[in-house]
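Just below is one structure, and these are the notes that go with it.
Derivation of every value follows stated rules applied to the coordinates shown; laboratory data play no part. Since we're looking at a predicted model, the values are computed, not measured. Cβ coordinates were reconstructed from backbone atoms using ideal geometry, including for glycine residues, and neighbour counts include every protein chain displayed.
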Amino acid sequence: MQSAPVDDSRTVIEAVDLVKHYTASDGGGVRAVEGVSLAVAAGEMVGLLGANGAGKTTTLRMLATLLRPTSGSASIAGCDSQRDPVGVRRRLGYLSATTGVPDRLTPREIFASFATLHGLDAAERDDRIARLVTALDLGSCADRPAGRLSSGQRQRVSLGRALVHDPPAIILDEPTSALDVVGARDLLALLADLRAQGSAILISTHRLHEIEHRCDRFVILHAGRVVAKGTRAELLAAWLGGRNGELEEAFFAAIEGRRLADGVPS
Amino acid sequence: MNAAQGSSRLQAVLAIARRDLLEFVRDRRTLFITLLLPMATYPIMALSTALGLRAASSEIEAQQAPTKIAVVLSGEDAPALATRLAELDRTRTGHDRDGWPAKIEMAVVPPPEARALIDRGDADLWVEVESGFIRALDATATVVLPVSLPAGRPTERRVREQFESVAKSLAQDVRQRRIARAGLPASVLAPLDVVFKDENRLPHPPRSILSTLAGGVLVLLAVLTLTGAFYPAIDAIAGEKERGTIETLLIAPCSVQDIVHGKFLAVFAVTLATLVVNVLSIAATAAVSKRFLPGSISMTLPDGAAAALIVTVLAFTGLAALAAATCLAVTTASKTGKEAQNTLTPVILLVSALAGAAILPGMRADSALAALPFAGQVVVARSMFAGGEAGPDALPEIAGPLALTLVAAGLLTWLLLRATATLLADEDTLFRGPDTATGAFARPGYRPLPSMLQGVAPIVLGLAALWYVQGFSPDDLALAIPLQQAAAVLAPLALVAWWQRVDLRQTFAIAWPGPSTRHGRVWPVTTALTGAALCGAGVFVLGAAALLAARGTGFSEEARHLTERLISLMRDRPTGLAWCLIALVPAVCEELLFRGWTLSAFAGAPRSPARTAWAVIAQAACFAIFHLLPERMPQTFLLGAVLGWMTVVSGSLLPAMVAHLAHNSMAILLVSLAGGLSGLPPSGKTDDAVALVGIPPWAVVAAVGAVILGALLLWSSRRRDGSE
């Protein structure tokens, strides 16, 4: 996978020095995110990697206006997440593993309600829903209550809900964790299409092998900080001393802070 | 790309409402609560009531129905009495026979046979007529007539009552004979005859039990309407969290308020539908139940049924809105539907109790009660069914209370929705914190200052404690004051402060007043505390003068009683102890609570001038309410506001304590000046005591001067580091 050069003028998703501290229920302070910066350009797919508790979800939620940053800034397609949160939400499709679907509504009704929330008029809405149903292969179940769909179908409905307004930026937080191998493959194929159409995609996942060859670049988080970023080749070069290996090895090296140039930790 | 397009706020609210409503109506639980429950409840209730009434009424009628009684008489004068009774039976007609048996069967038999008859139960009564009975009747004596009842079976009460009627008639007959023999007219025994002239103008209508039932039915209506909001509210937010769909709404291009308003609209619509179905079911049940009710009882509405119905529906529309908002607010903190159910159930019970309290005696619509949530609506609606005054004529009278109840419900709904929006957007509630709503019962983490709710908590606990303490509180204030201060002020404060760990120094403004200067602290501290003492003393004099001017000596019973007890405390105890109890203890305890804990909680941090002003006013209002006596509330409010202002200006609790101390000390000082404690009248003469404590004009002028001077001193020594 070759690296697409990052062109600032095309940056769609951007985080600058994002910090998030909060008070835990036991009264202790938690430093979830400590100065994370990243950028995703149009037509680019970036993987956000990290162990549990590394700060991935918190970072993505700050980008999606669900959490207020303690400091730093986040923007989507030029809209600042704190000054214009509604503007950000109009330009962003967001989906997480925990995102569900209303059980008693049909996929068509779900799409329609969010299309209305995004201000699409009736004609646009119908057209968009028809295209989504086709693209997401929901033709057979578009009018069945979502509660009766399979988990793969439901996740596709969720994705459709996130894409109903045709957003320039897409953020996905472990979207494949509830899916089987086939479901995950289909979803990632769909994302590849979206990227080809010019969407900026930021995706976090635990399953490195799934996105290893699909993302243009990666950002590795550890304990709330960016410990490494770059293309797959760059990461392998930096952390495995150019040795040909799996991204996973570079990931472990990065979060454990040992550079394996010439096999000797530095 | 059309991503930059947006929907209008109204469009967003409606889209969310529509989406939620679709979900609700596809939930069978909602349909059950909204449609089936009311349709089943009222008929069942009416049927059981009607059948019960019918049974009771036929039992009463049977009891009162004339019957045949079998009387056996024995004794020498038995035949003569039998003749007299038979003659009475023959001559009595019409109303004179009220309570009489349909037929009296009499047999004169010898005593042994009579006993056998009565023992076998073949006769209802055995009357033993002694010899000389008739002669004694015709004389002027009181004659005893022994009557035996069957031993084998219980005598029916009506046999006894009906025989008593016969005996009364006999006595009346004897009375008239005696009067006639004495040469007096019969009218001597009937000095008054009341005649209802219009008695036959209107037919006697069957008694409507609707006004009696209205209270209970309205409470049931309130509870069922409330239940209509139960499942939709749980589904609307906790359900969305459980399904993981709340995030999708929160990243939709609309504000949290829009989301909450949309959800409220949907829940309100279901609640309103529940109300309408309930009302229809009640109306239909009332119409149908006519068939089951006994003839003497009707369930028809009084005149102006339409007006009563309209007022009920209008008042209950407010209740429905309030129910929807309350349920939404309560379930917002829950993360799952089950958890929300657990949280909401006690709230529903509590609110049902509130609605039930509305039918207590003395709850009238023409008072501030109409503004009470859940009770006010029932009170207003019920007044339309109370007896015969209902109808179009009652409409202008009810318009005020109806408007009040609607405005109050609207206002409270709005506040609840604001709270819901704040809670929904709260990151801790949404993503972190304890995983259950029982988290509300888990000890919260440290925060620098208490939250607003925690600011009010010790006051509510304190008022509850006061309620209990007043049951045990001794009349002697030397014991009562420490008990009340400990139970109602210190203990709740300590409990809440233990529960919520805070920065004690910041919360209780533990600092020296005034700025630190090159010359040390002594001068600014002295200035501030002198100013505070002057202000406190002045405010007391002004407050007392205003109170005396406004009320003279016309105080409420409670106020008189308190004054009496205060004076006897000052008279009977050493002055030092009285001063400690009346001035020192309250000054320290109440300042810690109101100007320390509550003011900090209300003012929050960082402080803005508007919020600080609001906090000073709000804590003063709490302070006034806490003192319970309505006539003292303006004075206590003023004092609370002044003390709050001092704390804010000086950044220290000390001036408020000193001012409060000076304020309360003035009571003792003034009483001493006005004639010395020894010169006080014995207890029970409060009027004299109050008159003794009259405020001369010069004292008022001096008090105004003291307040102004004190305020200036305080202001001159204020903190200038922007902490106010």
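Putting +1 on Lys and Arg Cβ atoms and -1 on Asp and Glu Cβ atoms, find which of B:G410, B:A480, B:S451 reaches farthest to the positive end of the dipole of region B:406-507.
B:S451
About the Cα centre, and with charges only on the beta carbon of Lys, Arg (+1) and Asp, Glu (-1), how big is the dipole of region B:540-628? Nearest 20 debye, please.
200 debye
Return the percentage of antiparallel bridges among DSSP beta bridges fully within the protein assembly as shown, rounded to the nearest 5 %.
45 percent
How far is helix B:78-91 tilted off the main Cα axis of chain B, in degrees rounded to 10, range 0 to 90?
The answer is roughly 70 degrees.
With labels modelled as points extended 7 Å from the Cα through the Cβ direction, what inter-label distance (nm, one decimal) is found for A:D193 paired with B:E113?
Simple spin-label model gives 11.5 nm for this pair.
With +1 on the Cβ of every Lys and Arg and -1 on the Cβ of every Asp and Glu, and nothing else charged, how large is the dipole of the protein assembly as shown about its Cα centre, in debye rounded to the nearest 20?
The calculated dipole for the protein assembly as shown is roughly 1060 debye.
Arrange B:V219, B:V347 by Cβ neighbour counts within 10 Å, fewest through most, would you?
B:V347, B:V219
How many nm is it between the label spots at B:A136 and B:R9, if each spot is 7 Å from the Cα in line with the beta carbon?
Rounded to a tenth, the inter-label distance reads 9.5 nm.
Can you give the FRET efficiency to the nearest 0.05 for B:L350 and B:A613, using r as the Cβ-Cβ distance and R₀ = 35 Å?
Given R0 = 35 Å and the Cβ-Cβ separation, E is 0.60.
For chain B, what class follows from the C-alpha gyration tensor (a ≥ b ≥ c being the square roots of its eigenvalues): rounded when a/c is under 1.5, otherwise prolate if a/b is larger than b/c, else oblate?
It is oblate, given that a/c is not under 1.5 and a/b is not larger than b/c.
Between A:A223 and B:A167, what is the label-point separation in nm under the 7 Å Cα-to-beta-carbon projection?
Inter-label distance under the simple model: 10.3 nm.
Let me know the shape class of the protein assembly as shown, please: from the alpha-carbon gyration tensor, a ≥ b ≥ c as square roots of the eigenvalues, rounded when a/c is under 1.5, otherwise prolate if a/b is greater than b/c, or oblate.
Oblate, because a/c is 1.5 or more while a/b does not exceed b/c.
Can you show me the helix-derived [θ] at 222 nm for the protein assembly as shown, built from DSSP H runs with n ≥ 4 at -39,500 (n - 2.57) apiece and divided by the number of residues, rounded to the nearest 500.
Helix contribution divided over all residues of the protein assembly as shown: -17500 deg cm²/dmol.
Out of B:L628, B:I668, B:L592, whose Cα points farthest toward the positive end of the dipole of region B:508-716 (charges: +1 Lys, Arg; -1 Asp, Glu; placed on Cβ)?
Of the listed residues, the answer is B:L592.
List the lysines whose Cα lies under 22 Å from the Cα of B:K338, skipping any in the same chain that are fewer than 8 positions away.
B:K241, B:K263
Order these by the 10 Å Cβ neighbour count, fewest first: B:H95, B:H627, B:H261.
B:H95, B:H627, B:H261
Suppose R0 equals 45 Å. What FRET efficiency, 1/(1 + (r/R0)^6) with r the Cβ-Cβ distance, do B:L415 and B:F196 give to the nearest 0.05?
So, using R0 = 45 Å, E works out to roughly 0.20.
Just how large is the dipole of region B:508-716 about the Cα centre, in debye to the nearest 20, putting +1 at every Lys and Arg Cβ and -1 at every Asp and Glu Cβ?
Dipole magnitude for region B:508-716 comes out near 540 debye.
In whole Hz and in residue order, list the ³J(HN,Hα) couplings for region B:114-120 that follow from phi through the Karplus curve 6.51 cos²θ - 1.76 cosθ + 1.60, θ = phi - 60°; x for Gly and Pro.
Ordered by residue, 3J(HN,Hα) equals 4, 4, 4, 4, 5, 5, 6 Hz.
Starting with the fewest neighbours, write out A:R243, B:R18 ranked by other beta-carbon atoms found within 10 Å of each beta-carbon.
Lowest count first: A:R243, B:R18.
Taking every DSSP beta bridge with both residues inside region A:117-266, roughly what % is antiparallel (nearest 5)?
Of those bridges, close to 50 percent are antiparallel.
At 0.36 nm per residue, and after removing the present C-alpha to C-alpha distance, how many nm does the segment from B:L712 to B:I60 gain when stretched out fully?
Working it through step by step, the gained length comes to 226.7 nm.
Can you give the longest run of chain B that contains no chymotrypsin sites (Phe, Trp or Tyr not before Pro) sitting in a DSSP loop with at most 13 other Cβ atoms inside 10 Å?
Answer from the scan: B:447-724.
Report the antiparallel proportion of the DSSP beta bridges in chain A as a percent, rounded to a multiple of 5.
55 percent
Could you work out the Kirkwood radius for region A:11-230, taking every pair of different alpha carbons, averaging 1/r and inverting it, reported in Å?
So the Kirkwood estimate lands at 17.7 Å.
I need the shape label for region B:27-169. Rule: rounded when a/c is under 1.5, else prolate if a/b > b/c, else oblate, with a, b, c from the alpha carbon gyration tensor.
prolate
Once both axes come from the Cα atoms, what is the angle between helix B:337-357 and the longest principal axis of chain B, in degrees from 0 to 90, rounded to 10?
The angle comes out near 60 degrees.
In degrees, nearest 10, range 0 to 90: what is the angle between the Cα axis of helix B:522-551 and the longest Cα principal axis of chain B?
Here the helix axis deviates by roughly 30 degrees.
Which entries of B:K68/B:K290; B:K168/B:K197; B:K68/B:K168; A:K56/B:K335; A:K20/A:K229 show an alpha-carbon separation above 25 angstrom in the structure shown?
B:K68/B:K290; B:K168/B:K197
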